[in-house]
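Report on the structure given below.
The values are calculated or read from the model by the stated rules, or taken from the named source; none is laboratory data. What you see is a predicted model; the values in this text were computed from it and never measured. Using ideal geometry, Cβ is built from the backbone for each residue, glycine included, and neighbour counts are taken over all protein chains shown. For the accessible areas, the whole protein counts, side chains as well, though only heavy atoms, and no ligand, DNA or RNA atoms are used. Shrake-Rupley method; radii C 1.70, N 1.55, O 1.52, S 1.80 Å.
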Amino acid sequence: MHKTTLEQWSLLEKVVEAGSFAKAAELTHRSQSSVSYNLALLQERLGVALLAAEGRRAVLTPAGELLLSQVKPLLKAFSYVETRAATLRSGVRTRIDLMVDSIFPRRRLFSILRQFQQRYPQTQVRLTEVLENASVDATSSEADVMVLTRRQDITGLGEWLMNVDFIAVAHRDHPLFALDAPLNDDMLRPWPLIQIADSHSSAHPGTEAWTFSTIDAAIEAVISQVGYGWLPEERIQRLLEQGVLKPLPLSHGVRRATPLHLIVKRALTPLDEQVETLLHLFSQAE
């Protein structure tokens, strides 16, 4: 058996926060003698002085500071377990499965997730990223909320959420920029077109297309002058500002837009509070 209890350590934390035994007793709805007894027992069993008097305040000794700092994560974790149990007992949702197309702007996504976590700290979000137009039927059946290029999924019907802008770019030192603008399809044809796997093909007949399995890999390929390509503008914004990548001076079609749709699993009807909040955050985010 352990010599000390979480209750004793929690009382120690309260005494330090409140500054005195009397205030800690008031905060924990105990008698002052009960608080004093438990902390005396804690120090006796450890064989270490944890508190010292500093005027009218009770402060930690160096040993107390060290030991309490190691115990605090345990107190926090135990509090989380109790809160999670209360959540389960009340029937509140504890997890949402979210599937998001990888072209969805990352900063916007993480802003949404941060706001959701702050509102529902006991509800876990399990995020799965998929490639544009990839076959997600097998996994989407498990997702509660989806952000995909398709409007209708096998598990639910969605509505338009936003357009993701793609822009034709190449490295600033690519030979294409040495040609007379505007560039046409014949001028692009000698150079490899960098594509993301399972995306809509941008290649014209006779154009050599190199396919990469992730957006990040496609960006690295363009940076390395393997070729040129249409990349999500939000993901390369910093590279454009730094001048590492430059928009191609095409005669037409420099920009392309891919729509994303917000889809909810049909089986969730009626929607619970957490799902409604997540949908609202996606719809309102900018």
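Structural remarks
- Residue satisfying all of: in segment 66-112; open to solvent by 80 Å² or more (accessible area, probe 1.4 Å) and among the aliphatic types (A, V, I, L, M); modelled with the highest pLDDT among these: Leu66
- Selection over segment 92-133 of residues that are more than 14 Å from the chain's Cα centre (by Cα), free of Cβ contacts under 8 Å to residues at least 60 places away in the same chain and assigned to a loop (DSSP other than H, G, I, E, B) gives a count of 2.
- Whichever residue in segment 269-286 is among the hydroxyl-bearing types (Ser, Thr, Tyr) and farther than 27 Å from Asp165 by Cβ and, among such residues, is least open to solvent (accessible area, probe 1.4 Å): Thr277
- Of all residues in segment 158-186, exactly one satisfies the criterion of being under 25 Å from Val100 (Cβ atoms), acidic (Asp, Glu) and loosely packed, with under 12 Cβ neighbours inside 10 Å, namely Glu159.
- Arg266 buried (at least 18 other Cβ atoms within 10 Å of the Cβ), among the charged types (D, E, K, R) and touching a residue at least 24 places away in the same chain (Cβ under 8 Å): no
- Among the residues making up segment 10-23, those that are assigned to a helix (DSSP H, G or I) and either open to solvent by 20 Å² or more (accessible area, probe 1.4 Å) or closer than 15 Å to Ala53 by Cα (or both) are Ser10, Leu12, Glu13, Lys14, Val15, Val16, Glu17, Ala18, Phe21, Ala22, Lys23.
- Filter pass, Arg56 being among the basic types (Lys, Arg) and in contact with a helix residue (DSSP H, G or I) (Cβ under 6 Å, 6 or more places away or on another chain): no
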